[in-house]
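Chemist: Pasting a structure below so you can have a look.
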Amino acid sequence: FDAPLNLMFEVWTDPKHLGHWTGPAGSKINYIRADIKPGGSVFYCMTGVGDTKMYGKANYLEIVKPHRIVYTQAFCDENEKITRHPMAPTWPEVMKTSISLEAEGPDKTRVTLKWEVVGEATPVERETFNKAKAGMSQGWGGSFDKLEEYLANL
């Protein structure tokens, strides 16, 4: 990305930035609550994917400024009760996202993202997740396209 490391860290951890670029192309994420720190959490609603409102929450496990952010994520209802993916009943309950940020020059940052199943997922849930990797790459790619545009306008 064409952005300095500290700015990239800020757009991943400051709630004022998140709603501008997170979510796949064609979607909008409204952060209802955001407390981004180790032990903190966010609660959000994503719209624009079909006619569905999808709620989710993330719990932050690790934040090492400006290089690392780790959180777990789960779908939930509007009351923050954990649910399954509204369009994939065999989707795993909890995923873990690990983001590494590395400077590649004064105004360039490499973002490396790892998304994985954690917790007591069944073999069917793990298989559902693994078979959906192409779609997840497309979804994250849409977010990254939005991030690139957002950074250019900051």
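Chemist: Could you check residue 131 against (1) touching a residue at least 24 places away in the same chain (Cβ under 8 Å); (2) open to solvent by 40 Å² or more (accessible area, probe 1.4 Å); (3) of a type in the set (D, E, K, R) and say which number it fails?
Modeler: (1)
Chemist: Okay, next question. Can you tell me which residue is farthest from residue 93 (Cα to Cα) among those in the range 12-26 that are buried (at least 17 other Cβ atoms within 10 Å of the Cβ) and out of contact with any Phe, Trp or Tyr (no Cβ under 7 Å at 6 or more places or on another chain)?
Modeler: Filtering the range 12-26 for residues that are buried (at least 17 other Cβ atoms within 10 Å of the Cβ) and out of contact with any Phe, Trp or Tyr (no Cβ under 7 Å at 6 or more places or on another chain), the one farthest from residue 93 (Cα to Cα) comes out as 17.
Chemist: Taking the range 96-105 as the region of interest, how many residues are open to solvent by less than 60 Å² (accessible area, probe 1.4 Å), touching a residue at least 24 places away in the same chain (Cβ under 8 Å) and more than 12 Å from the chain's Cα centre (by Cα)?
Modeler: Of the residues in that region, 3 qualify.
So that you can scan it fast, the table gives a plain yes or no per residue for (1) of a type outside the set (A, V, I, L, M); (2) out of contact with any strand residue (DSSP E or B) (no Cβ under 8 Å at 6 or more places or on another chain); (3) open to solvent by less than 60 Å² (accessible area, probe 1.4 Å):
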| position | (1), (2), (3) |
| --- | --- |
| 94 | no, no, yes |
| 107 | yes, yes, no |
| 138 | yes, yes, no |
| 142 | yes, yes, yes |
| 147 | no, yes, yes |
| 154 | no, yes, no |
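Chemist: What strands (runs of 3 or more DSSP E) completely inside the range 1-118 contain at least 3 residues that are among the hydrophobic types (A, V, I, L, M, F, W, C) and under 18 Å from residue 140 (Cβ atoms)?
Modeler: 41-49, 68-76, 95-103, 109-117
Chemist: Moving on. Can you pull out the residues in the range 33-43 that are surrounded by 13 or more Cβ atoms within 10 Å (Cβ to Cβ), farther than 15 Å from residue 11 by Cα and without any contact (Cβ under 8 Å) to a residue 24 or more places away in the chain?
Modeler: Hits for the range 33-43 are 40, 41.
The values are calculated or read from the model by the stated rules, or taken from the named source; none is laboratory data. All of these numbers come straight from a predicted model, not from anything done at the bench. Quick reminder, even Gly has a Cβ in these numbers, built from the backbone with ideal geometry, and neighbours come from all protein chains shown. Side chains are part of the model used for accessible areas, which takes the heavy atoms of the whole protein and leaves out ligands, DNA and RNA. Shrake-Rupley method; radii C 1.70, N 1.55, O 1.52, S 1.80 Å.
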